[in-house]
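Structure first, then comments.
The values are calculated or read from the model by the stated rules, or taken from the named source; none is laboratory data. Note that the structure is predicted; figures quoted are calculated from it, not measured. No Cβ is skipped: glycine too gets one built from the backbone with ideal geometry, and neighbour counts run over all protein chains shown. Heads up: the accessible areas ignore ligands, DNA and RNA and are worked out on the full protein's heavy atoms, side chains in. Shrake-Rupley method; radii C 1.70, N 1.55, O 1.52, S 1.80 Å.
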Amino acid sequence: IDENTKAAQAAAFDSSISQTFAARTVIIENEDVARIYLKGSDAPEALSAEDLVRYRLTLHNILWSIWNMQSQAQVGELSSETWGAQLATLWRIVSTKGFQWFWANYSREFGASFQRVVADLEAKPS
């Protein structure tokens, strides 16, 4: 791998990690958001209308950061190893009731290749 490729991969990794940290930091630093995320993951129908919006937007941010990693891996700016490691995180999210609600309503807001990754994870046995 040449130096330009290495530099692009390092920048992509840093960008991806920064986006992931930002999405997680909101949950870590705000007890209300953490409560909403946990409750929404288990029972989105139990959330108030306002909390459901906050849950949806939090999950959207997390999934966009993961989709960003997948997109960067597709163009070779992020290693397949780094992308592969995110599949465990995505699996934990995909296996929640809240994700099922979210995906049924908002999956069209993600690219076809990311939708296929999610479909493959959903098809895996627990």
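Would you please name the residue that is modelled with the lowest pLDDT, looking only at residues in the range 1-42 that are exposed (fewer than 12 other Cβ atoms within 10 Å of the Cβ) and outside any helix (DSSP H, G or I)? Among them, the one singled out is I1. Selection over the range 103-126 of residues that are in a loop (DSSP other than H, G, I, E, B) and open to solvent by less than 30 Å² (accessible area, probe 1.4 Å) gives a count of 2.
Note on the range 72-102: residues that are surrounded by fewer than 18 Cβ atoms within 10 Å (Cβ to Cβ), of a type in the set (S, T, N, Q) and in a helix (DSSP H, G or I) total 5. Any chance you could count how many residues in the range 43-59 are of a type in the set (G, A, S) and assigned to a helix (DSSP H, G or I)? Matching residues across the range 43-59 total 2. Scanning the range 48-104 for residues that are of a type in the set (K, R) and over 14 Å from the mean Cα position of the chain (by Cα) yields R54, K97.
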